[in-house]
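**Student:** Take this structure, written in structure tokens, and hold onto it; I'll ask about it next.
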Amino acid sequence: VGEAAAEPKVGVGVVVVKGETVLMGRRRSSIGASTFAVPGGHLEFGESFEECAAREVKEETGLDIEKIEFLTATNTVFSDEPRPAHYVTIFIRAVLANPQQEAQNLEPEKCDGWAWYSWNDLPKPLFRPLETLVESGFNPFK
Ligand code: 8DG
Ligand code: MG
Ligand code: MG
């Protein structure tokens with residue numbers, strides 16, 4: 001079957017921090033549809049994690065980020081999806097280059113809209129890689 005040739009892919013998830021909050025939006029994309037995720041996307045050939053993070057955040061929200069740093073990685077097999085997938089997610093933390101800048105929903109076919117959420121009061125359900133990150137006790141504010 002088609003899945004026999006499938007390979008794990010690398011996703012980059014960007015935890016953009018503003019004050020005590022992080023930027024999240026409800027996904028419309030096929031994998032994890034209607035779950036809340038941080039901005040991010042596929043690592044492109046030749047790209048650093050930091051370049052991918054800045055590019056995806058810009059493409060999806062228009063925001064410029066800085067202080068881009070590696071947080072941790074998660075390993076997620078989406079076996080229940082219509083098209084099974086396996087992602088290694090590189091989680092990155094960053095802050096806004098300009099804290100006054102507003103997030104725009106630049107890919108409305110992929111996301112319902114962006115909002116800032118407190119880490120202690122995250123929207124549900126979370127996209128699975130993010131849920132794994134939260135359940136591990138990880139806190140981007142510590
Ligand atoms: P791209 O083609 O623009 O690179 O990707 P995209 O259209 O932005 O797709 P995406 O679904 O936002 O990201 C690509 C994959 O990255 C997604 O299908 C699964 C993986 N991914 C994770 N964790 C995270 C996460 O926390 N946020 C985002 N946005 N994607 C993630 O494994
Ligand atoms: Mg994306
Ligand atoms: Mg994208």
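Just so you know, all these numbers are worked out from the coordinates, no wet-lab data involved. Owing to the predicted nature of the structure, the values given are computational and were not obtained by experimental measurement. Positions of Cβ are backbone-derived with ideal geometry, glycine not excepted, and every protein chain shown enters the neighbour counts.
**Student:** Considering only N105, F36, T72, whose Cα is most displaced toward the positive end of the charge dipole of the chain, charges sitting on Cβ of Lys, Arg (+1) and Asp, Glu (-1)?
**Tutor:** F36
**Student:** Tally Lys/Arg at +1 and Asp/Glu at -1 over every other residue whose Cβ is under 13 Å from the Cβ of V57; what's the total? It would help to have the intermediate numbers written out before the result.
**Tutor:** Working: positive: K18, R55, K58, K67, R93; negative: E50, E51, E56, E59, E60, D64, E66, E107.
Value of the local net charge: -3.
**Student:** Binning at 5 angstrom from zero up to the longest distance, how are the C-alpha pair distances of the range 1-130 distributed in percent?
**Tutor:** Calculated P(r), rounded to whole percents: 2, 11, 21, 25, 22, 12, 5, 2, 1, 0, 0.
**Student:** Along the range 52-63, what does the Karplus equation 6.51 cos²θ - 1.76 cosθ + 1.60 (θ = phi - 60°) give for ³J(HN,Hα), rounded to whole Hz, x for Gly and Pro?
**Tutor:** Once rounded to whole Hz, the list reads 4, 4, 5, 5, 5, 5, 5, 5, 8, 10, x, 7.
**Student:** Full extension from E102 to W116: what is 0.36 nm times the residue separation minus their Cα-Cα distance, to one decimal in nm?
**Tutor:** 4.0 nm
**Student:** Moving on. For the range 133-142, just list the computed ³J(HN,Hα) in residue order, Karplus coefficients 6.51, -1.76 and 1.60, θ = phi - 60°, integers in Hz, with x standing in for Gly and Pro.
**Tutor:** Calculated HN-Hα couplings, in order: 4, 5, 5, 6, x, 5, 9, x, 9, 9 Hz.
**Student:** Related question: Taking H placed 1.01 Å from N in the peptide plane, check which residues at least 5 places from H86 or on another chain put their amide H under 5 Å from its amide H.
**Tutor:** K9, F78
**Student:** What ranking do 50-63, 19-32 get when scored by the average of other Cβ atoms within 10 Å per residue, highest first?
**Tutor:** Sorting 50-63, 19-32 by mean packing, highest first, produces 50-63, 19-32.
**Student:** Something else about it: Between beta-carbons, use under 10 Å as the cut-off and find the net charge around D112, counting Lys and Arg +1, Asp and Glu -1.
**Tutor:** Cβ neighbours under 10 Å give a net charge of +4.
**Student:** Report the relative contact order of the range 21-142, percent, no decimals, based on alpha-carbon pairs under 8 angstrom and at least 6 residues apart.
**Tutor:** Answer for the range 21-142 is 33 percent.
**Student:** Moving to a separate point now. Give the aspartates and glutamates reachable from K124 as a straight Cα distance under 19 Å; neighbours fewer than 8 places away on the same chain don't count.
**Tutor:** Here the aspartates and glutamates satisfying the reach criterion relative to K124 are E20, D80, E81, D112, E135.
**Student:** Assuming a ≥ b ≥ c are the square roots of the Cα gyration tensor eigenvalues, decide whether the range 5-59 counts as rounded (a/c under 1.5), prolate (otherwise, with a/b larger than b/c) or oblate.
**Tutor:** Note, shape of the range 5-59 comes out oblate.
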